Structure formats: structure tokens, C-alpha cells
Amino acid sequence: MNAVYYAQHVRDYFWVQPIWEETGGTFCSELPEIEPLFHEYAPEVPFQLLRTKRRFTIGRAIGNRKLTIKNKAQRLQLEQIARKLAPDVIISTSNHRHAMTPESRDELFRAGKIKKCTKQVQAFHGVSSKNVKFNPWMSEFDLLLLPGKRERDKFAALGVLDNTRYALIGHPKSDRVLRGELTKEIARAKYNLPDRPTILYAPTHGALSSFFSWGLEICKSIPEDWNLIVKPHPVLATTTAAEGAGGEIISQVKSYLEKRGALWLPFEPDVVPLMAASDALITDYSSVAEEYLVFDRPLIFADHLANASGRDRQQRDKGDWAELFAIGARVTEIGAMPNAVAGVLLRPQEQGSARQKMRDFVFENLDGHCSARAAQAIRDLVQSA
């Protein structure tokens, strides 16, 4: 089976890495800045850069709310990948619309431009409550790899599952945790962390990120005799560098972290070892919250836009946060963060049953064999007529 994986960031690779280890294949992207990251963090993975045209867009710069002109590569269409690499199957980790429709695929095959057997699989790259992935056109893929019942039910309500195949695969990134290959002790040794209370702060990127408004104060709310790991979404740092905005705040946070000996890991693409090393997670509107459920440890939600208005409030309210925030400590004023931090470690099992219920709703079959299940679903698709 000739498989090609499409990724927009090296962190997407770590979402599907366990599946790739079962299927083999090549990764590709249209983003030149991704190529060196693959060489650094995943040198064993075959990678091809497929260049596309550039386009100019106008958007709000991260960190300072200004509008800037952005020079971006046009997203690869799966048709382009099929033409250039002639795979049996393309596995995409992007939530954007770029799959071939059945009609266009038939037309391309009749014209001799693609292989008839080219299948399209949507693997996504997270389980966020932001709702950006739930669109009717996801039925243009031949197979959806879904982590569990929550996403199955949402796609079913849209009618998507009436028109395409799906498989409930669980959470492939959790296999090594569930098999005992990645423990707290192993993870802390990897990062040379002493055996003491450890907090992971992992904010999302873009307008929803708590980093630029609350990040420094969140860091200061962690006792200095505890371990602190700051792992923002990798796109936060790369986008900030590209737009020339937000650098001052990043410098302030880095300076504080250096003084107290904390870890600043903005480009670390695989967050799971950092989760394993921690005793509790602070995040905002990020899919790391759902992934952290595998560990059954306390969560703190920095709901920094709870009292916002206008566009910021609209961005926040696109997601379904109520059920997720109910399984952790929700902080809506930064002054309440120190008490929330102290509370979750004093009473780590206070919301344990709620976390476990949410975990079983979000993820199906957490048995250590999720990646094998996903790979078999892909093989079955390729072998089907």
C-alpha cells in the first residue's frame, strides 16, 4: 500500500505517527517552514515539499490585535497530491476542505491524471471542542477516523455519516501510555525534572490563546518550588515570528521562566511526554484538555474570554465549552488562578468521575491498540472496490 500523509505542521505528524508506523508512507506539505521541522523532530520520516502558489491575505496579528498583510502558501488540494505522488491513499490531518469530490475524481481518472484507486482519509489532528471540523463536506472523504462517540454523534447529526465510511479508532497517541511505555517517571527523566509537583501550561494559539493576556500571570501563579512547563501551541510561536507581533510578551515570559528554571518549549511538537510528566494541566480552549483525559489528572481552564465582548466573545462562543469546563477548575479572573492551582493538587480526585465519563465519551476503545485499529481501517478501505 502506497500511503501519503498530508500535514500542515510537524505536530500533525505526532497525531498520526502511531498509524504511520503501521502503514508506512510519505508525508507532504506545501509549507517550506515545515520541512526543517520534520528533519529535526522526525528525521526518520520520508517528507516531500510540494510547492504551491502564494497568496496575500489580511488578518489580525497575534498578540497586538492589529491587522497585517500575510503572504501565505495556497493550501495543497488532495488532487495535486494524487497527481504528483500517485498514492493508493491520502491521509489528511487538515480540517479544511481540500478533498476531491467523487465527480472530480472520476473525471480526473478518465483523463488519466490520477489512479482510480486513490482513496481519501480524514484523520484530523486533534479533538478540540472548537467545532471547526464539523462540516457537511467532510463526506467527500472516503473514510473518517473518529476518536469516539462524541465526534461520531456530531457528524451523524450533520448527515455526514450517511454518505461516507467511518471508524471509531480511539486515541492512537495514547497507545504508548496505556501500554506502560510512557510513565510519569520516564517523562520526568527525559526532561531532567526533579520529583516535585509539576504543572503544564499549554495555551492554544490565535485569538483564543490566553498566553498574551494572562500568560505571565499564570506562570507567576505556580509556586517557585514546583516544576513549571510552558508548552504553547507550536503555531503560536511560528505565527508570532512571521507577523512581527507578540514578541515582547514572549520575551517577558521567557525571561521569567529562565529566572525560575522552568521549561519553555514552544516548538516541542509532541505534547504527550509533557502531559505524562505533569500532575495537572492549565489550558484555555485547546484540544490538549481532551488528550489529557487519558491520564485522569486535574485540569484548570483559563477562560480568559468569559467576560469578553465583540469578536473575541464570538470566537469563544463558537465552541462547546460548558461540558468540558465542568470537569475541571474554571478560572474567569486571573486573580483566582493561584487558589485554583493549589486546590487541584490538594484534591486531585475531586472531579475524577466527571473526567472519566468525558474520557469515555470522547475516546472509544482506549486499549493500547488504537493505531493498529486505524491502520486496519485504512487497509480495508484501500482493498475495497
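Just to be sure before I move on: is F109 part of a helix (DSSP H, G or I) and over 13 Å from the mean Cα position of the chain (by Cα) in the structure I sent? Full working, then the answer.
On the way: part of a helix (DSSP H, G or I): yes; over 13 Å from the mean Cα position of the chain (by Cα): yes.
In short, yes.
Check K254 against each of (1) at pLDDT below 90; (2) out of contact with any helix residue (DSSP H, G or I) (no Cβ under 6 Å at 6 or more places or on another chain) and name the one condition it does not meet.
(1)
Per-residue answers, yes or no, for (1) more than 20 Å from F361 (Cα to Cα); (2) modelled with pLDDT under 95:
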site	(1), (2)
A262	yes, no
P273	yes, no
S286	no, yes
V294	no, no
D303	yes, no
A306	yes, yes
Q314	yes, yes
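Sort out for me the helices (runs of 4 or more DSSP H) sitting completely within the range 130-210 that have 3 or more residues that are under 19 Å from the mean Cα position of the chain (by Cα). Walk me through it before giving the result.
Working: elements: 149-157, 175-178, 184-190.
Correct list: 149-157, 175-178.
Scan R355, R359, R373 and give me the residue that is buried (at least 16 other Cβ atoms within 10 Å of the Cβ), assigned to a helix (DSSP H, G or I) and within 19 Å of the chain's Cα centre (by Cα).
Details: R355 fails: within 19 Å of the chain's Cα centre (by Cα); R373 fails: within 19 Å of the chain's Cα centre (by Cα).
Residue meeting the stated conditions: R359.
So which residues in the range 296-311 are within 16 Å of S209 (Cβ to Cβ) and hydrophobic (A, V, I, L, M, F, W, C)?
Just the residues of the range 296-311 that are within 16 Å of S209 (Cβ to Cβ), to begin with: 300-306, 308, 311.
The answer is I300, F301, A302, L305, A306, A308.
Starting from the range 154-171, take each residue that is on the phi > 0 side of the Ramachandran plot and at pLDDT 95 or above and list its partners that are outside any helix (DSSP H, G or I) and of a type in the set (F, W, Y), counting only C-beta distances under 7 angstrom and pairs at least six apart or across chains.
G170/F363
Please enumerate the residues belonging to the range 1-30 that are assigned to a strand (DSSP E or B) and touching a residue at least 40 places away in the same chain (Cβ under 8 Å).
Restricting attention to the range 1-30, the residues satisfying the condition of being assigned to a strand (DSSP E or B) are 3-6, 26-29.
If the condition is that a residue be assigned to a strand (DSSP E or B) and touching a residue at least 40 places away in the same chain (Cβ under 8 Å), then A3, V4, Y5, Y6, T26, C28, S29 are the ones that fit.
Restricted to the range 189-229, and to residues that are small (G, A, S) and either in contact with a His (Cβ under 9 Å, 6 or more places away or on another chain) or in contact (Cβ under 8 Å) with a residue 12 or more places away in the chain (or both), which residue is surrounded by the fewest Cβ atoms within 10 Å (Cβ to Cβ)? Outline the logic, then answer.
First, the residues of the range 189-229 that are small (G, A, S): 189, 202, 206-207, 209-210, 213, 215, 221.
Keeping just the survivors that are either in contact with a His (Cβ under 9 Å, 6 or more places away or on another chain) or in contact (Cβ under 8 Å) with a residue 12 or more places away in the chain (or both) gives 202, 206-207, 209-210, 213, 215, 221.
Details: A202: 25, G206: 15, A207: 18, S209: 25, S210: 25, S213: 19, G215: 24, S221: 23.
Taking the candidates together, the pick is G206.
Have a look at A340, A329, A302 and point out the one that is without any contact (Cβ under 8 Å) to a residue 40 or more places away in the chain, surrounded by 18 or more Cβ atoms within 10 Å (Cβ to Cβ) and closer than 15 Å to A280 by Cα. Talk me through it step by step, then tell me what you get.
On the way: A340 fails: without any contact (Cβ under 8 Å) to a residue 40 or more places away in the chain; A302 fails: without any contact (Cβ under 8 Å) to a residue 40 or more places away in the chain.
It is A329.
The values are calculated or read from the model by the stated rules, or taken from the named source; none is laboratory data. Predicted, not measured: the structure shown is a model, and the values here were computed from it. Because the Cβ atoms are built from the backbone with ideal geometry, glycine has one as well, and the counts that use them run over all protein chains shown.
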